[in-house]
1. Among A:Ala7, C:Ala46, A:Gly455, whose Cα lies farthest out toward the positive end of the dipole of the protein assembly as shown, if unit charges sit on the beta carbon of Lys, Arg (+1) and Asp, Glu (-1)?
2. State the Kirkwood hydrodynamic radius of segment B:302-403 in Å, one decimal place, computed from all pairs of distinct Cα atoms.
3. Assign unit charges at the C-beta atoms only (+1 for Lys and Arg, -1 for Asp and Glu), then state the dipole size of segment B:289-355 relative to its Cα centre in Debye, rounded to the nearest 20.
4. For segment A:251-364, what is Rg from Cα atoms divided by 2.2 N^0.38 Å, rounded to two decimals?
5. Mind pulling the angle between the C-alpha long axis of helix B:223-242 and the longest principal axis of chain B? Nearest 10 degrees, somewhere in 0 to 90.
6. Figure the gain on full extension for B:Glu430 and B:Thr461 (residue separation times 0.36 nm, minus the Cα-Cα span) and round it to one decimal in nm.
7. Choose one of B:Thr213, B:Pro51, B:Leu240: the residue whose Cα lies farthest towards the positive end of the charge dipole of segment B:6-297 (beta-carbon charges +1 Lys, Arg; -1 Asp, Glu; about the Cα centre).
8. In whole Å, what are the Cα extents of the protein assembly as shown along the three principal axes, biggest one first?
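The values are calculated or read from the model by the stated rules, or taken from the named source; none is laboratory data. Computed from a predicted structure; not experimentally measured. All Cβ positions, glycine included, derive from the backbone under ideal geometry; neighbour counts span all protein chains shown. With ligands, DNA and RNA removed, areas are computed over all heavy atoms of the protein, side chains included. Shrake-Rupley method; radii C 1.70, N 1.55, O 1.52, S 1.80 Å.
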Amino acid sequence: MSAPRPALETATLVRAGEESAVDVLEHHLAAIEAGEESIHAFNLVTADQARHQARAVDASVAAGRDPGPLAGVPVALKDNLCTRGVPTTCSSRILEGWLPPYDATVVTRLAAAGALMIGKTNMDEFAMGSSTESSAFGATRNPHDTSRVPGGSSGGSAAAVAAGFAPLALGSDTGGSIRQPAALCGVVGMKPTYGTVSRYGLVAFASSLDQIGPFATSVADAALLFDVIGGHDPLDSTSLNRPTPRVLSVLDDGVDGMTVGVLTEFLDGAAPDVVARVRQAAEALAAAGARVEEVSVPEVTLGLSAYYLIAPGEASSNLARYDGVRYGVRVDAEDTVAMNTATRSQGFGAEVKRRIMLGTYVLSAGYMDAYYNQALRVRTRIIDGFALAYARCDVLLGPTAPTTAFALGAKVDDPLTMYLSDVCTIPSNLAGHPAISVPFGSGDDGLPIGVQLLGPALSEGTLLQVAAVVEATAPALAPPGISSGEAA
Amino acid sequence: MSAEWAMVIGLEVHCELKTTTKLFCGCPNMFGDEPNTNVCPNCLGLPGSLPVLNQRAVELAMAIGTALHCEIRPSTFHRKNYFYPDQAKDYQISQYDEPINVDGHLDLPDGFRVGIERAHMEEDTGKTTHSGASGRIHGSDYSLVDYNRSGVPLVEIVSCPDMRTADQARAYVTELRAILVASGASDGKMEEGSMRVDANVSVRRSADDPFGTRCEIKNLNSVRSLGRAIEYEADRQIALIEAGERVVQQTRHWDEGAGITQALRSKEDAYDYRYFLEPDLVPLVPDAEWIRAVADTLGMMPAERRARIVDLLDEAGGATDSALLQVATVVDLGLDDLVVEAVAGGVGSALALARTANEAATDAEAARALDSKSYVELLTLEASGSLSATQAKAVLAELFVQGGGDPAAIAREKGFEAMSEDSLAAMVAEAVVAHPDEWSRYCDGDDKLAGFFTGLVMKATKGQANGKAVASELRRRRG
Amino acid sequence: MAEPDRLTRQDVAHVANLARLHLSEEELDLYTEQLSVVLDHAADVASLDLHGVAMTAHAMAVTNVLRTDEPHSCLDRDEVLAQAPSVEDHRFRVPRILGEAP
């Protein structure tokens, strides 16, 4: 497969009438047709809907109207984003067949920008996981090596972009669920500042941590998508009511005069080939004019433990609504309590049940202060730790994931090992800070490696500026050979 | 209840706020609409929905806090987690350890002060109807849920356990209801469920003893039920203790028909609500300006209105018990402004109060709509003697029918001329001449006979004579 | 700060009940083991001395997000009820409810 055409270029051509949205779409649908069986990135390909949208975009252009900055660009949506009249399952049996009666705000904004919704992507059930293996509908495979996981929980979205099924995708990131699969699949993935992208219509996992963010094949495309979906939403009380950084315009400004801190604690747990790539990226930035130094933020080591108290606590409450009463699956029983119990026991998978019980436990009487409240204090310490680092540095640099993609089935029996995949990504969620994973070569096994850039709140502009330089200096990565019928 | 025992009562009142929309979404806050037509992703608890706080609900909550003399504080929202079909998200968004209003009080009309612990905001649940003849949960096969009410704004007002008698409890609820209506926060309709009262009752042998174990009583649909239920429950607890048993802390349901409280069968032991801060909402910090604006636009509370009129009565020499009852009546009916304006216009306070409590109250709605200028003119005509009491009442009735008007003109139309002094004197003379014995006794000092003669004159003039004028003519004649 | 005791099978059965989840005997054993391992790891949080450190519930410090008291258009009832597992009389039907609401 040839290098994918940037979304920015596609939109420009479509808006100018030089390319038809219908043609763009058919090209991508063909790629899906050829490669999806071996990847399983999608729970549902919405071909008819997308064709309808594509025709409308072309009609707009023909009528002299501007269809918007994403005109004719297919976008894959993680299946925890509500799409009216289109099944939204969160890859769970309990929501199988559920048709939301409303659209998420980001979905509305994409449509208004002329984008084409090409499908709903596979994920870990209710976004709980780091490999997409806990999906009730089967795992997604890494396009670079189909015996490996794509990462999670937004594995389907990452794989869809990596495989060339869509130039753009949306995922959600609660503890690393955009960045980690982006790293494992060799694409760009960003978690923005908490509050910059509306959560209205995102099925909640952990409300104080969840954020929607872009997957793309380039930093510029990620910036384009972020600019479209970001911005205040009165339907989300946690949505920031101040100007969201507009990022596309600053990408070429370079890193001259900037200070980049290499986060030592993140290097500690990472595999040698990953560490090597991070150091290589650091050198590249130095060569490009940045001042690079090592920085220690000891508080981040507490992030994993605090996260596994806060996130399940909030999740246990957010998932209470799946009770078989108003929507979704119901398993009948003699009385309502028995019905709730049977429905949830049969509808939820093991990982979801584990986290619900863990969360219920840490919130329950007698344990609240030792666990949950304590975790909220740890969060304060992490934010303070980062603040000290950002007094000296503009951005921080580290690995995204500790290793390259692991084999399917390798970690499913040991939840704790799975949780350790998130050690470099979790601190940004706890702090509400933005972070981005940029592909930077491959590991010893030839599989993609991503390096992570972190910044303080609302520093997306700076972050992407630096990311653009990292991208420009990144070693080449062999594209996955799965499209157009080529062997994996 | 025997004199050996004392009761302790605390009341929790849930009040539905009179907003246009629900607490966390823009669905209409409407009673009686077709089921499940006033719903949206938020109040249905759909995946991906988020709450956004209603500014007007906050203002009304602050108005209640102000009216109850509470401290208005920065506050936060918490989730109260429990499963129930009418709870759309299987958690309720409420306020826990940082409520908006704390440490207030409510003074009963007799001056007794009941402390208010807190008055916080929370969302209402949907409504469940149960299949089966009784409509009760017990014995029904299935239930139906309507989420129109889900998310309606509530303020929960928790009193301190300061009340000691059922009468005090009734007076508290009555006064609280009047305050809630006066503050614009609620329509106070207990029977419709926009105001719900739960009572916590315990007993002890003396006021020096610590509080006993309390029970919570639910399903009190009227002030009368409240009183009956409290008495019953206190007696029940006393009987238990006297029989050597313990009172078990539990929730009990008042059965109006049978006149008893019954323990509710609950599926759980103590509920573990796992309260935690609501991550989808941010703290509420009303600034001093907003708090002041709410206080400034708050109308007069019932206590102030009553005090206003009692002050007028005191200036005129004091308030009798029956006058105090009249004061309560005119304030309850919203007619106190009429009284105050009449007195300001020169009418005596006793007359203004009596005429309003007795006559104007017969059609309170019309009276409230009446232009106070006409009312004051009418009472002035009566006070000066130009109209008799009977005539004044007739003119008032006409003012109601017309929705206003000129009392003097109406009086003329009805032929209510004031009797001339001469014709009045002649009528009195006739009566005196016809009853020489009584006249002689009156002249000797039997003042009570003035009433006898006045009655005769009134009968002869068919009520047209002015009683006061007759009395003063009699005195003049006597010399 | 006092540490809570290690997670027991009874604890797990209790929270499963609170969360309306039914667990088989094998699941109870498995989850008790797996959750204990996670909580042991989390014990390093519980044992920290963070006296005097404020809790951060919201990463971004915002207050007073309000909306005006104006109605929006509601969902179409048919569309909503079409997704319901059981409907009667335009209402959501549920099997017998055994206890009163708390």
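1. Toward the positive end, the furthest listed residue is A:Ala7.
2. Across segment B:302-403, the inverse of the average 1/r is 13.3 Å.
3. Around 120 debye, computed over segment B:289-355.
4. 1.75
5. Result, in degrees: 60.
6. 10.0 nm
7. It is B:Leu240.
8. The principal-axis extents, from largest down, are 134, 79, 57 Å.
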